[in-house]
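Below is one structure, written out as structure tokens, with a few remarks after it.
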Amino acid sequence: MNRGPTRREVGVGLALAGGVGLRWRPAAAQTKEVRVAMIAPLSGPWARQGQLMRMGADMAIEEINQKGGIQALGGAKLVLVVADAGDSTEKAKNAAQRLLAQDPDLVGGTGAWLSSFTLAVTEVTERMQLPILTLSYSDLITGRGFKYVFQTSPTAGHQAAETLPTALKLAEGATGKRPKTVGILMDNTAAPTSFAKPLREGGLEKLGLKLVVDQVFTPPLSDATPLIEKVRSARPDFLLLLLSAMPDNKLVLEKLDEFKLSKGRLPLVGNGSPLGTPELKNTIGADLLEGLLFSVADWPFKGDEEIVERFKKRTNEPWMTQDGITAYGDMWILKEAVERAGAADRLKVADALRTMNLTTGPAALSFPGPIQFDGNGRRVDVPMIFAQWQNGVPVTVFPPELALAKPYWLKEA
Amino acid sequence: MRASAQTRQRWVILAVAVAVLVVSLALHSAYYQLVLTQVLLWAVLSLAWNILSGYSGYFSFGHAAFWGLGAYTVALGMIYWDLPPWVGIPLGAVVGGIAGAIIGYPTFRLRGHYFALAMLAYPLATLYVFQWLGYQEISLPMRRDAPILYMQFTDPRAYVVLALGLLVIALVVSLHVENSRFGMALRAIKQNEPAAEAAGIPTWAWKMRAIMLSGALAGMAGGLYAVVLLVVTPESVFGMLVSAQPLILALFGGVGTLWGPVIGAAVLVPLAEGLNGELGDVLPGIQGVVYGVAIIVIILCAPEGLYWRLRDRFAKPGVLRIIEDEPRPTMPVKPAALLRPPSGGNLLVLRGVGISFGGLRALDDIDLVVREGSLHGIIGPNGAGKTTLFNVVNGFLAPDRGSISFTGIPLAGLRPSRVCRLGIGRTFQVVRAFSRMTVLDNVIVGAFVGARDDVSAERMARVALDRVGLIDRAGAVAGGLTTRELRLMELARALAPLPRLLLLDETLAGLGQEDLAGILNVIRQIRDEGVTVLIIEHTMQAMVRLVDEFSVLDHGRLIAAGAPDEIVRDRRVIEAYLGRRWMDRITDTAA
């Protein structure tokens, strides 16, 4: 695609004059290319996550084209079209509508990181029958009876249900003993509340766990001492940490260290990819994070070493997180779907997505479990992954067949 | 004049609506239709904001509260009760109106920055409430079975038409407000709330009506926003950006004008969206910078908003000329007071009135009787308590002790607007003009109290201006008047509703000899027409020529009362004014 800076400048000028300039685009038909979209927040509070997604997607597109593009279409190149979802659902929806208006040839896409953005974006793509892959968790995304949205992550409900049983398996595997007691330390924001609700309402009992300390606070936390004192005196076999804000994480981990409960002396279990970002390490320090376990929808695992190496070299990122690896995988899934569809046609691509069952190749390597979607667009047979901070890096430690390192549950001081 | 302007504006609204429809038909891209819909919806929110904040000057940083409640009303109604948006959106307006009442009731105790900051709290608090209720992300169900009933059209132009419908409603409502006593009252409140209250405007009631109307319009637009966006989250409808948007659009286009918010939305919403589209994937975040710079540049070039800038450039200087063309009121309606022969009975009676500020007794045990038809002067040195006495009578201050009655009706505990309604008008020591309104409009504000409708208010205002001899200046803006003209205008404002008693607070202060004589004549004439006048002054000389009766205040006490020639010889009065040594000299000379 040829988009010279002059035209862009003219476009900006037009926009400044109060008009909305759709970018002029030469007809795509004669050049052999297949266009896919990425709608992600590239500005605003979630910009970093969107940029990581873009890095992963760019890398996949480059690899696909280097290896000869779409074979079924005579080596057509895969082209990524990016739109900024910004910082609001309105902007995310506009971005989707704009992409579809200016790019009628799109065959599929990925987006939009934040659940509420994905909900708004898929309202547009569903009506335009554009298949969209998403890493967002919300159950609602695939709970609306939509036909053109494919959720690569286990839903939030599934993650909440699977995290503790998986943690128990991990503990049993590592120590030979099944934990009997648990503590919960959480803030009262939305995600932790909905995560913990089924656990308190009989979920723990079913797992044979006794809740010995249960502390809920309203963020921000000013002093973690009273909370950690209670944890220390109750001394649970492990502590479920459900905190949504970075400063609270820092306070709690510091206080745990002060009370000599950190570094694996009291096993800590959390949920979600924010617990494995480089920024967390920069803020909190590798020392305090050591031993922290977290369940996550996707994390680079055994077999991905090469992908991760290439990614680190390209981007200078210290490691690859969920955002990068899923966007990378999404591009490969779309590539496979186009190959199977045999045409740059979004309806056929959507059909191919519904029927595919990938267990090998770069797409399958990017996600735990097979790439297969049910009627709602949710993946089937997805194991819960656990990563653990070991020596300053969060590495996949469970399930064993995907693990890059052995987990440790308890580490005696 | 006003009616013809209103008709002209109606045609403009119609023309704009037709233009939007034509543009919408011409646009083929669903994306352009979506942006056009958003322009219209944000314009409605900004107009809603303008009704409260633009006209009354009570700046709201919290209109997201109404917008969000409207959005959630439609979304939750549809999810839980299968409520079609055709019902949900009007219901959203009702919810917005009720929210306006609930928010306005406590918040109107505050003014200025404090009001603005308090308003900020409501959407933020509501945001957390909706999170806590578990409505973090709700999505309007897709209803393929009844798309029209549930406003789920495949043709995006349908949303443009719906949003345009709301905009026309908002414009017509705003136009009506602007050209009625509603808008006049709000503008008076914006420029000088105490003066408005003293002129008989029930300020609290108008402010409540304004916030309820504003909330209803905002709730209505928020409801359609939910239908268009299909996903509602607390951040997207109660967030800070939503509250800021109507304010930015109105400031940009012109606060307190009918078209300002529309201009703001028509320029800024597509600009922001265009920048997102053009730059969002190239230099993410730069769009915000360019948007901010564009706003700064335009605000610097047109600080009062684009509307005034455009009007100054293109509009013909129409308003003033129209007023000058207006014929003089040929046959002044006879003031009602003239028809009432002065009875000479007791009109205003104060018994044992006292008020203290901390340790200072500003008024102490005042007994005062003002006879109907008299011209009663109150004199005393600075700080004697004269203005405080007026404030107690007209309701700005509540006395600690004693009773006040007017034509036998007790005044204690009444708001100034009620007191004014009973027939007591007043002017102020420092003229409280609505400085950006015309002389005529200033006086019309005062006339509302005594007028059945807006037309008769204008007629009464003209009569009052004629009575004080200021009718030739009716079209001038109050900010440009001389001191004499300002005094006369304030006099006309107090006189317009045909009060029985006028309280004049140092009306003569700061006037030259010639001006003074003119105003004295006007006051005498007013008295001769049957209006009782109570006047404060501390220059004795002018008063002696004017009044029938004197009361003298000193240190909050009434030290003497009687006819002018008695008072000037009263020892206590001379002592109060000139000091004991002067008194001694007078006594020596006499001896």
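The values are calculated or read from the model by the stated rules, or taken from the named source; none is laboratory data. Since this is a predicted model, take the numbers as computed values, not measurements. Glycine also receives a Cβ, built like all others from the backbone with ideal geometry; neighbour counts cover every protein chain displayed. To get the accessible areas, we keep the full protein, side chains included, count just its heavy atoms, and leave off ligands, DNA and RNA. Shrake-Rupley method; radii C 1.70, N 1.55, O 1.52, S 1.80 Å.
Within segment A:62-83, which residues are of a type in the set (Val, Ile, Thr), within 23 Å of the chain's Cα centre (by Cα) and more than 14 Å from every other protein chain (Cβ to nearest Cβ)? Result: A:64, single match. Residue B:446: crowded, with 20+ Cβ neighbours inside 10 Å, modelled with pLDDT of 85 or more and either in contact with a helix residue (DSSP H, G or I) (Cβ under 6 Å, 6 or more places away or on another chain) or farther than 27 Å from residue B:396 by Cα (or both), yes or no? Against the criterion (crowded, with 20+ Cβ neighbours inside 10 Å, modelled with pLDDT of 85 or more and either in contact with a helix residue (DSSP H, G or I) (Cβ under 6 Å, 6 or more places away or on another chain) or farther than 27 Å from residue B:396 by Cα (or both)), residue B:446 qualifies.
Against the conditions (1) within 14 Å of chain B (Cβ to nearest Cβ); (2) at pLDDT 90 or above, residue A:138 satisfies every one except (2).
Yes or no: segment B:339-360 includes at least one residue that is touching a Gly at 6+ places or on another chain (Cβ under 9 Å) and modelled with pLDDT under 50. Yes, that holds for at least one residue.
Annotation: of all residues in segment A:289-308 being under 16 Å from residue A:275 (Cβ atoms) and over 16 Å from the mean Cα position of the chain (by Cα), the one that is surrounded by the fewest Cβ atoms within 10 Å (Cβ to Cβ) is A:290. The residues on offer are A:109, A:74, and the sole one that is farther than 18 Å from residue B:32 by Cβ and open to solvent by less than 10 Å² (accessible area, probe 1.4 Å) is A:109. Checked against (1) in a helix (DSSP H, G or I); (2) open to solvent by 10 Å² or more (accessible area, probe 1.4 Å); (3) of a type in the set (A, V, I, L, M, F, W, C); (4) over 20 Å from residue B:115 (Cα atoms), residue B:83 meets all criteria but (1). Selection of helices (runs of 4 or more DSSP H) fully inside segment B:495-591 by the criterion of at least 3 residues being free of Cβ contacts under 8 Å to residues at least 12 places away in the same chain and within 25 Å of residue B:355 (Cα to Cα) returns nothing. Output the qualifying pairs, or none if there are none: Cβ atoms under 6 angstrom, residues six or more apart or on different chains, first residue in segment B:228-248 and under 20 Å from residue A:97 (Cβ atoms) and more than 7 Å from every other protein chain (Cβ to nearest Cβ), second residue among the small types (Gly, Ala, Ser) and surrounded by 22 or more Cβ atoms within 10 Å (Cβ to Cβ). Going by the 6 Å Cβ cut-off, the qualifying pairs are B:232/B:71; B:232/B:75; B:232/B:226; B:237/B:68; B:237/B:71; B:242/B:64.
Identify, by number, the condition in (1) within 14 Å of another protein chain (Cβ to nearest Cβ); (2) more than 22 Å from residue A:284 (Cα to Cα) that residue A:200 doesn't meet. Every condition holds for residue A:200 apart from (1). In this entry, residue A:168 passes the filter for residues that are in a helix (DSSP H, G or I), away from chain B (no Cβ under 14 Å) and in contact with a Leu (Cβ under 9 Å, 6 or more places away or on another chain).
Against the conditions (1) modelled with pLDDT under 90; (2) over 20 Å from residue B:183 (Cβ atoms); (3) among the hydrophobic types (A, V, I, L, M, F, W, C), residue B:238 satisfies every one except (1). So is residue B:177 more than 14 Å from chain A (Cβ to nearest Cβ), open to solvent by less than 20 Å² (accessible area, probe 1.4 Å) and either closer than 23 Å to residue B:63 by Cα or of a type in the set (Lys, Arg) (or both) or not? When the stated conditions are applied, residue B:177 passes them.
For segment B:534-559, filtering for residues that are open to solvent by less than 40 Å² (accessible area, probe 1.4 Å), modelled with pLDDT of 80 or more and closer than 28 Å to residue B:423 by Cβ leaves 12. Please go through segment B:1-30 and give me each residue that is modelled with pLDDT under 90 and either under 19 Å from residue B:241 (Cα atoms) or within 13 Å of chain A (Cβ to nearest Cβ) (or both), ordered by number. Once the filter is applied, which keeps residues that are modelled with pLDDT under 90 and either under 19 Å from residue B:241 (Cα atoms) or within 13 Å of chain A (Cβ to nearest Cβ) (or both), segment B:1-30 yields B:27, B:28, B:29, B:30. Which count do you get for residues in segment A:147-165 that are surrounded by fewer than 20 Cβ atoms within 10 Å (Cβ to Cβ) and either within 14 Å of chain B (Cβ to nearest Cβ) or at positive phi (or both)? Adding up the residues that qualify gives 2.
Restricting attention to segment B:12-47, the residues that are more than 20 Å from residue A:99 (Cα to Cα) and buried (at least 16 other Cβ atoms within 10 Å of the Cβ) total 12.
A single member of A:367, A:386, A:311 is hydrophobic (A, V, I, L, M, F, W, C), part of a loop (DSSP other than H, G, I, E, B) and open to solvent by less than 10 Å² (accessible area, probe 1.4 Å), and it is A:367.
The selection criterion, being within 14 Å of chain A (Cβ to nearest Cβ), in contact (Cβ under 8 Å) with a residue 24 or more places away in the chain and within 21 Å of residue B:257 (Cα to Cα), does not hold for residue B:36. Of the numbered criteria (1) closer than 20 Å to residue B:422 by Cβ; (2) open to solvent by less than 20 Å² (accessible area, probe 1.4 Å); (3) not aliphatic (A, V, I, L, M), the one residue B:475 fails is (1). In segment B:256-296, of all residues being of a type in the set (Val, Ile, Thr) and facing chain A (nearest Cβ under 9 Å), the one that is nearest to residue A:98 (Cα to Cα) corresponds to B:282. Does segment B:372-386 contain at least one residue that is in contact with an Asp or Glu (Cβ under 8 Å, 6 or more places away or on another chain), within 17 Å of residue B:348 (Cβ to Cβ) and open to solvent by 30 Å² or more (accessible area, probe 1.4 Å)? The answer is no; no qualifying residue exists. Within segment B:309-322, the set of residues being assigned to a helix (DSSP H, G or I) and at pLDDT below 75 comprises B:319, B:320, B:321, B:322.
Restricting to segment B:483-505, count the residues that are charged (D, E, K, R), open to solvent by 10 Å² or more (accessible area, probe 1.4 Å) and farther than 22 Å from residue B:346 by Cβ. Qualifying residue count for the region: 4. Tell me yes or no: at least one residue of segment A:255-270 is outside any loop (DSSP other than H, G, I, E, B), under 18 Å from the mean Cα position of the chain (by Cα), under 16 Å from residue A:395 (Cα atoms) and free of Cβ contacts under 8 Å to residues at least 40 places away in the same chain. So far as segment A:255-270 goes, yes, one or more of its residues are outside any loop (DSSP other than H, G, I, E, B), under 18 Å from the mean Cα position of the chain (by Cα), under 16 Å from residue A:395 (Cα atoms) and free of Cβ contacts under 8 Å to residues at least 40 places away in the same chain. When restricted to residues that are at pLDDT below 90, at the interface with chain B (Cβ under 9 Å from one of its Cβ atoms) and under 20 Å from residue B:140 (Cα atoms), segment A:98-126 contains 2.
Considering the conditions (1) of a type outside the set (S, T, N, Q); (2) farther than 18 Å from residue A:380 by Cα; (3) touching a helix residue (DSSP H, G or I) at 6+ places or on another chain (Cβ under 7 Å); (4) not in a helix (DSSP H, G or I), residue A:328 is excluded by exactly one of them, (4). Total residues in segment B:44-67 satisfying the condition of being closer than 13 Å to residue B:164 by Cα and either within 14 Å of another protein chain (Cβ to nearest Cβ) or aromatic (Phe, Trp, Tyr) (or both): the figure is 1.
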